[in-house]
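The values are calculated or read from the model by the stated rules, or taken from the named source; none is laboratory data. Because the structure is a prediction, the values reported are computed rather than measured. With ideal geometry, Cβ positions are generated from the backbone for all residues, glycine too; neighbour counts draw on all protein chains shown. SASA here: full protein model, heavy atoms, side chains in, ligands and nucleic acids out. Shrake-Rupley method; radii C 1.70, N 1.55, O 1.52, S 1.80 Å.
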Amino acid sequence: MNQVVDKPLSINDISAMKRRGEKITCLTAYDASFAAIIDKAGIDIMLVGDSLGMVIQGHSTTVPVTIEQMVYHAQCVSRARRRAYLIADMPFMTYGNPDLAAKNAAQLLQVGGAQMVKLEGAKVDCVRFLVEQGIPVCGHLGLLPQSIHQLGTYSVQGKEPKAAQKLRDDAQKLQEAGASLLVLECVPATLAKAISTEITIPVIGIGAGVDCDGQVLVLYDMLNIGVSKRPRFSKNFMTGCDGVEEAIQAYFHAVKNTEFPSLEHSF
Ligand code: KIV
């Protein structure tokens, strides 16, 4: 059962959605105009993703994105935010140690207007330190796009039992370190379901099956306006819709009603 909250959402509202079994909706946003549409459609979380390096800047990876650029886009989105909870990505090499992470995360909150930062990998020391400073953190496990030059290819993670167990352990460690949310990207649906059950913080999936506590997609992929090929786990929500507002509403309803992702969009 969805409970409509008109006031600006806090992390407590997002956590309560998991507890009552309401799916959490999230989309990436990079500018004020799209952010206003996303917010008005009732999407629960806007993520200023470093995917902007690919969909806005035209790079082939997220690696070139800088903290200054993330702060700028977070500012653009936060000016349009009325209700949705706002998370911003920490870009590549901005959280190599806890002090560096705190300095850069503070920029995203103080100047960018974000309410939470997201960082890739099991960076437990950084997460713990940020949380101690009062900075809410979203972890990100599974496919880590900032490590693409190490990975070689954007592929499904956690398929082998050992890799799957490591993801389960890392999810626990991030929760213990104080993370409030976890994004799981490109992992088998059964593994994502297990992790979502094992930890109490909400798990937001992308290419991770329908049993996560919520879903996120890159806005330009689901509107089918990206410069590169849409990933298999994403879906063109413009099909059969009259415009952007309708497509975002279709995504909202599909996630809340567990109609998305279907098996076709899962691994
Ligand atoms: O940068 C981004 O858009 C992301 C999502 C893919 C989760 O991290």
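Of note:
- Filtered residues of the range 149-186 (kept if within 22 Å of R19 (Cβ to Cβ), within 16 Å of the ligand (Cβ to nearest atom) and either part of a loop (DSSP other than H, G, I, E, B) or touching a residue at least 40 places away in the same chain (Cβ under 8 Å) (or both)): L174, A179, S180, L181, L182, V183, L184
- Residues of the range 95-123 classified as open to solvent by less than 50 Å² (accessible area, probe 1.4 Å) and more than 18 Å from the chain's Cα centre (by Cα), total: 5
- Residue check: V127 meets all listed conditions (1) of a type in the set (V, I, T); (2) under 17 Å from the mean Cα position of the chain (by Cα); (3) open to solvent by 10 Å² or more (accessible area, probe 1.4 Å) but one, namely (3).
- When restricted to residues that are part of a helix (DSSP H, G or I) and either surrounded by 12 or more Cβ atoms within 10 Å (Cβ to Cβ) or of a type in the set (A, V, I, L, M) (or both), the range 251-267 contains 8.
- Residue within the range 5-26 that is under 18 Å from G112 (Cβ atoms), among the β-branched types (V, I, T) and surrounded by fewer than 22 Cβ atoms within 10 Å (Cβ to Cβ) present: yes
- When residues in the range 187-232 are screened for being open to solvent by 10 Å² or more (accessible area, probe 1.4 Å), within 12 Å of the ligand (Cβ to nearest atom), closer than 24 Å to V117 by Cα and assigned to a loop (DSSP other than H, G, I, E, B), 1 of them pass.
- Considering the range 43-74, and only residues there that are touching a strand residue (DSSP E or B) at 6+ places or on another chain (Cβ under 9 Å) and part of a loop (DSSP other than H, G, I, E, B), the residue that is surrounded by the fewest Cβ atoms within 10 Å (Cβ to Cβ) turns out to be S51.
- The one condition in (1) surrounded by fewer than 21 Cβ atoms within 10 Å (Cβ to Cβ); (2) in a helix (DSSP H, G or I) that V77 fails to fulfil: (1)
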